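Here is the structure we will look at, set down as structure tokens.
The values are calculated or read from the model by the stated rules, or taken from the named source; none is laboratory data. Worth saying up front: this structure is predicted, and the values here are computed from it rather than measured. When we count neighbours, we look across all protein chains shown, and the Cβ atoms used for this are built from the backbone with ideal geometry, even at glycine. With ligands, DNA and RNA removed, areas are computed over all heavy atoms of the protein, side chains included. Shrake-Rupley method; radii C 1.70, N 1.55, O 1.52, S 1.80 Å.
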Amino acid sequence: MPESRKTFDDQLGDVRGEVVKLAARACEQIGAATQALLDADLSLVDRVDDAYNQIEQRVVQIEHQVYQLFALQQPMASDLRTMLVVLRILHEIELTAGLMRNVARQTRRLYPRELQPRIRGIIERMGAQASVQTHLAVDAFADSDEKIASALPDMDDVMDDLQKELFRAIFAGLSGESTDEAALQMAVQLAFVGRDYERAADHAVMIGRWVEFMITGQLPGDAEPV
């Protein structure tokens, strides 16, 4: 193998490794944001904010590494797909981290009101589901595993059902108390939380679809929409 090719393969492998590390940090953000919301931990909200800023900066740095590979190397078709997928996955990772920052920030808006046990349980399950799907999406990318990647859309049905369950719990809570402004505001904020978890799961599905493109060459737009 020519030395230039070996160097390129090593550089691309390093970039993929950095993407996996960054995705792992985004997965940690899912757990941290969920914990902040459930525990009304305002100090943890600040840490989630700081971590998002660090993820955002690292995304830019890795993007620049990929741009340098485009500019200075001669990638083959499969390499080009991998590089394009890295850029797309970085975008999905950043969006997921941003959604979890939103979830954590809802802690401030809901404080000091306590969540009903039923709603707490649903949110905990939504956080766990988002974490599982994101972890699997990252594993699919790290291992170039098409089987895992193709399974993610079906897993997303679980999150959709949880979101519907959360909405039902929110409405049931409103019917059981006076619908004052504070109660309505809480209902709205909780609906936003449900939406953010659902979108995070969608980003995991998109990572899976980009992995399928990396392996097969089939563009995500050729598949059924989420």
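Things worth noting here:
- Every condition in (1) out of contact with any His (no Cβ under 7 Å at 6 or more places or on another chain); (2) surrounded by fewer than 18 Cβ atoms within 10 Å (Cβ to Cβ); (3) touching a residue at least 12 places away in the same chain (Cβ under 8 Å) holds for Leu95 except the one numbered (1).
- Failed criterion for Thr134 (all others in (1) among the hydroxyl-bearing types (Ser, Thr, Tyr); (2) out of contact with any Gly (no Cβ under 8 Å at 6 or more places or on another chain); (3) over 30 Å from Asp9 (Cα atoms) hold): (3)
- Contact map, the range 44-73: first residue open to solvent by less than 60 Å² (accessible area, probe 1.4 Å) and modelled with pLDDT under 95, second residue part of a helix (DSSP H, G or I) and among the aromatic types (Phe, Trp, Tyr), Cβ cut-off under 6 Å, separation 6 or more or different chains; pairs are Gln73/Phe8.
- Lys164 in a helix (DSSP H, G or I) and under 14 Å from Tyr197 (Cα atoms): yes
- Conditions (1) over 26 Å from Met206 (Cα atoms); (2) surrounded by fewer than 13 Cβ atoms within 10 Å (Cβ to Cβ): number failed by Asp41: (2)
- Answer residue from the range 98-113, given it is of a type in the set (D, E, K, R) and part of a helix (DSSP H, G or I) and is most open to solvent (accessible area, probe 1.4 Å) among those: Arg109
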